[in-house]
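Beneath this line is the structure, given in structure tokens, with notes to follow.
The values are calculated or read from the model by the stated rules, or taken from the named source; none is laboratory data. Just so you know, these numbers come straight off a predicted model, no measurement behind them. Every residue, glycine as well, gets a Cβ built from its backbone with ideal geometry; the counts of neighbours run over all protein chains shown. We work out accessible area using only protein heavy atoms, side chains counted, and drop any ligands, DNA or RNA first. Shrake-Rupley method; radii C 1.70, N 1.55, O 1.52, S 1.80 Å.
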Amino acid sequence: MKMNYAAVVAATAGGIVASLAVAPGLAQAPATPDQMVAGLKQNLAESQKRLRQYEWIETTAISLKGEEKSRKQQQVYYGADGTLTKLPIGQPKPQAAPSGGGRRGGRLKEQIVENKKDEMQDYMERAAALIHRYVPPTPAQIQKAKDAGNMLLRQPQPGRVRLEFPGFVQPSDLLAIDVDAKAMLPSAISVATYLEKPEDAVTLDVRFGTLADGTSYTAQTTLDAKAKNIRVVIENSGHRPLSR
């Protein structure tokens, strides 16, 4: 299974913090939706700036029909020029080529496997392109949704606020941002949408964590393509100060 799937999901997750991004200091939840969005953007921008002082481990797992097909780890940090750098940690041993029971039969089996890989690769690329229409959401998209009356504020539990944007890109879809009302930082972002048909569902779930200094980061990102039974999970952990 190709690792391109993980690359598109990682790029999506990395863009979330950068784009939603205006310094901490808002002790109370803003009184209006406009103030809430502004405060959220401010705190995310500050977190993104502080995150450049850390290095961490990114673990990516790709599963098909519930069975893990690949897993890799990378050391991640921002270079002096601000570029995100990822260095592989170890390399998995190559698997022995399966016996085809004869050269002709083996080549046919390999061709079928390659065709399936190409089909899944194409599907995941289309799914990733669709997700990119939602995440990162642009200020223009947010403003358009607000102006159209398609922005809802909910309080799923005390201290938490959810901003929901139904019909954000296409009918019956949903973009939702869960916010810690005190810290004014996101705890989760989710997207529920579909490709050509509603039954061809694609979802993205991003969970945030907070470091000791208050820096917000994407702790786990999960992309589910249920029609193809493909799941990509990316976890970031082991943050420590970067030594230049």
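Assorted remarks:
- Positions within segment 217-232 being of a type in the set (A, V, I, L, M, F, W, C) and within 11 Å of the chain's Cα centre (by Cα), in sequence order: ALA219, LEU223, VAL232
- Filtering ASP200, ASP180 for residues that are acidic (Asp, Glu), closer than 20 Å to GLN121 by Cβ and in contact with a strand residue (DSSP E or B) (Cβ under 8 Å, 6 or more places away or on another chain) leaves a single hit, ASP200.
- Of all residues in segment 188-197 being surrounded by fewer than 20 Cβ atoms within 10 Å (Cβ to Cβ) and touching an Asp or Glu at 6+ places or on another chain (Cβ under 9 Å), the one that is nearest to ARG126 (Cα to Cα): TYR194
- Failed item in (1) in contact with a helix residue (DSSP H, G or I) (Cβ under 9 Å, 6 or more places away or on another chain); (2) of a type in the set (A, V, I, L, M, F, W, C); (3) farther than 26 Å from ALA38 by Cα; (4) at pLDDT below 85, with LEU108 passing the rest: (1)
- Inside segment 206-221, residues that are hydroxyl-bearing (Ser, Thr, Tyr) and either open to solvent by less than 30 Å² (accessible area, probe 1.4 Å) or more than 13 Å from LEU185 (Cβ to Cβ) (or both) make up a count of 4.
- Test: GLY238 is more than 12 Å from the chain's Cα centre (by Cα) and open to solvent by 30 Å² or more (accessible area, probe 1.4 Å): yes
- Selection status of HIS132, under 21 Å from the mean Cα position of the chain (by Cα), at pLDDT below 90, open to solvent by 30 Å² or more (accessible area, probe 1.4 Å) and on the phi < 0 side of the Ramachandran plot: yes
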